[in-house]
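So the structure is just underneath, and the comments pick up after that.
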Amino acid sequence: LDASIGPRTLALILMWFLMAIGAMLPSAAPMIRTYCEIADTARIKGEPVVHPLVLVAGYLSVWLAASMLFAAVTLAVHAFAATGGIFDPLLGAAGGLALLVAGLYQFSGLKEACLKKCRNPFSILFSNWSARTVRVFQLGVAQGIWCLGCCWALMLVMFAVGVMNVFWMALIGVFTLIEKQTAGSLPTRLAGAILLVWAAALLVVSL
C-alpha cells in the first residue's frame, strides 16, 4: 500500500471535520444555549449539573464519525470518477447525481422528522435531563444524529463544487442556520428545488 494513504486520509478527515464544525456549530448554538439555560436553573436550585462542553463533545463526535465517512467517499470518488484532483468538483453526470440525491432528500419525510427535532431542542433536553456525565454526552450524540440526519445530504453539494470550497461550505452553514430557525418547510423545499434544477442541468449537459 502507498505509505501516503494514511496521512492523506487523516488530512481529509480533519478537513471534513473542520468544515463540519464551521458549518454546523452555528446552527447548534440554540441547542447549546438551551442546555445552558436549563443548567443555570438547576444550579440555582442547588442541583448538580454537567458542563455544557460534554454535550458539545457528544454532538461533535457524531460529526467526527461522519467526517470519516465523507473522507472515505472523497477518496472513492477520486479513484473512480473523472476528476483532475481530489479537491476538484465532480464533472458531468457524477456531479449531477450528487446534487440529485441532495435535492430529493430535501423533500423526504426523514429530512422533515430530523429537522423538527433540531428545531425544538428544549423538549428533548428537558425531558432527558440528567446530572450524569455519560448521559449528557449521550444527549449530545442524539442531537448530533438528528443534525446529521437533517444536513448530511447538503454535504453532497461539496462534491459538485469542490470539497475545499470554503464559500459553499459557509453558504451551507448559513442555510442550515436559517432552516433550523424558520418555521415551515419553505426554505427546505426551495433549496431542494434549486438543487434539482441544478442537477438536471448538469445531467442534460453531460448527455
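Of everything in region 118-156, what is farther than 30 Å from Leu104 by Cα and aliphatic (A, V, I, L, M)? Give them in sequence order. Leu125, Ala131, Val134, Val136, listed by residue number.
Test Thr182 against the criterion of being polar (S, T, N, Q) and without any contact (Cβ under 8 Å) to a residue 12 or more places away in the chain, and give yes or no. Judged against the criteria, Thr182 is a match.
Regarding region 30-38, can at least one residue be identified that is more than 20 Å from Arg119 (Cβ to Cβ) and among the charged types (D, E, K, R)? The answer is no; no qualifying residue exists. Being at pLDDT 95 or above, surrounded by fewer than 17 Cβ atoms within 10 Å (Cβ to Cβ) and in a helix (DSSP H, G or I) is the requirement here; does Leu110 meet it? Considered against the rule, which asks whether it is at pLDDT 95 or above, surrounded by fewer than 17 Cβ atoms within 10 Å (Cβ to Cβ) and in a helix (DSSP H, G or I), Leu110 comes out as yes. Identify, from the list Gly144, Gly184, Gly149, the residue that is farther than 30 Å from Val49 by Cβ and out of contact with any Leu (no Cβ under 6 Å at 6 or more places or on another chain). After ruling out the rest, the residue left standing is Gly184. Quick check, is Val141 at pLDDT 95 or above, in a helix (DSSP H, G or I) and among the aliphatic types (A, V, I, L, M)? Yes; evaluated as a whole, the condition is true for this residue.
Restricting attention to region 139-154, the residues that are in contact with a Cys (Cβ under 9 Å, 6 or more places away or on another chain) and buried (at least 24 other Cβ atoms within 10 Å of the Cβ) add up to 4. Among residues of region 147-174 that are over 17 Å from Ala28 (Cβ atoms), those with a Cβ under 9 angstrom from a residue that is of a type in the set (Lys, Arg), sequence gap 6+ or separate chain, pair up as Ala153/Lys111. Residues in region 185-196 that are touching a residue at least 24 places away in the same chain (Cβ under 8 Å) and of a type in the set (A, V, I, L, M): Ala191, Ala193, Ile194, Leu195, Leu196. Which residues, counting only those in region 98-120, are of a type in the set (S, T, N, Q) and closer than 12 Å to Cys150 by Cβ? Listed by number, the residues that qualify are Gln106, Ser108. Taking region 184-206 as the range and being out of contact with any helix residue (DSSP H, G or I) (no Cβ under 8 Å at 6 or more places or on another chain) and not in a helix (DSSP H, G or I) as the test, only Gly184 passes.
From the list Ala66, Ala20, the one residue that fits, being among the aliphatic types (A, V, I, L, M), at pLDDT 95 or above, touching a helix residue (DSSP H, G or I) at 6+ places or on another chain (Cβ under 7 Å) and within 20 Å of Cys150 (Cα to Cα), is Ala66. Among the residues of region 113-135, just one is within 15 Å of Glu179 (Cβ to Cβ) and not in a helix (DSSP H, G or I), namely Asn120. Just one residue in the set Val163, Val136, Val157, Val101 is closer than 30 Å to Leu12 by Cα and either surrounded by fewer than 21 Cβ atoms within 10 Å (Cβ to Cβ) or of a type in the set (S, T, N, Q) (or both); that residue is Val101.
The values are calculated or read from the model by the stated rules, or taken from the named source; none is laboratory data. Nothing here was measured: the structure is a model prediction, and the numbers come from that model. Reconstructed Cβ throughout: ideal geometry from the backbone, glycine too, with neighbour counts over all protein chains shown.
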